[in-house]
Amino acid sequence: MSEKTPIGTRADYRWFTTLPTRWMDNDVYGHVNNVTYYSWIDTAVAQFLIAHEVLDLGSSTEVGLVVETQCRYFAPIAFPDLVTCGVRCGRLGTSSIRYELGIFRNEEERASAEGHFIHVYVARAEQTRTVPLPARLREVAERLLLR
């Protein structure tokens, strides 16, 4: 039998952004619905790209398309909690990048959820063929890379 992957802590991540929960995020069970976690993951990656001047929403010639996502849940989050998303790079390829994210409730050290998000880069105008990762992305992603 294989061992379970341990739940990550804040120390396992390299870059962080904080997002508020909203009243509408709670479902009938009194906690944030699973679909909201995917929104946080998407938002955290977009904020990382914008903060590091990799993505210009209006003029970037290369864009990352999501080809795979996953999220594992360990503990509930509910409004009015604050969420911190930790980001790291699990793999940096020629035309793709695997972001790994930890979602932390309030000031907790252990992740309430962990997920990953893979972007494959394509020419924005065509979106039919892969292109190399933008040089600026490769530069900043190196700092997030797991070693």
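The values are calculated or read from the model by the stated rules, or taken from the named source; none is laboratory data. Just so it is clear, the model here is predicted, and its values are computed rather than measured. Neighbour counts run over all protein chains shown; Cβ positions are idealised from the backbone, glycine included. Remember, those area values only see protein heavy atoms, side chains included, never the ligands or the DNA or RNA. Shrake-Rupley method; radii C 1.70, N 1.55, O 1.52, S 1.80 Å.
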Please state the relative contact order of the stretch 53-125 as a whole percent: Cα pairs under 8 Å, 6+ residues apart? 41 percent
Between Leu65 and Ala11, take the C-beta separation as r, use R0 = 22 Å, and let me know the FRET efficiency to the nearest 0.05. 0.10
Helical contribution to [θ] at 222 nm, DSSP H n ≥ 4, -39,500 (n - 2.57), averaged over the chain, rounded to 500: -5500 deg cm²/dmol
Mean separation of Cα contacts under 8 Å (6+ apart) over length of the chain, as relative contact order %: 30 percent
Roughly how far apart, in whole Å, are the Cα centres of the stretch 94-147 and the stretch 30-59? 11 Å
Quickly rank 56-63, 43-50, 9-16 as a protection proxy: mean count of other C-beta atoms within 10 Å, highest first. 43-50, 9-16, 56-63
Nitroxide proxy distance, nm - points 7 Å out along Cα→Cβ at Arg91 and Leu57: 3.0 nm
Tell me, Kirkwood radius of the stretch 31-78 from alpha-carbon pair distances, in Å? 12.6 Å
Heavy-atom accessible surface of the chain: percent carbon and sulfur, 1.4 Å: 53 percent
Is there a quick way to get the dipole size of the chain? I mean about its Cα centre, with the Cβ of Lys and Arg at +1 and of Asp and Glu at -1; what is the value in debye to the nearest 20? 360 debye
Once Rh for the chain is found with the Kirkwood sum over Cα pairs, what is the Stokes-Einstein diffusion coefficient at 37 °C and 0.692 mPa s, in µm²/s? 205 µm²/s
Take peptides 104-110, 22-28, 114-120 and line them up by average Cβ neighbours within 10 Å, highest first, as a rough protection proxy. 114-120, 104-110, 22-28
Using a Förster distance of 30 Å, the FRET efficiency for Glu109-Arg143 (Cβ separation, nearest 0.05): 0.85
On C-alpha positions alone, give me the angle between the axis of helix 34-51 and the longest principal axis of the chain, in degrees, nearest 10. 40 degrees
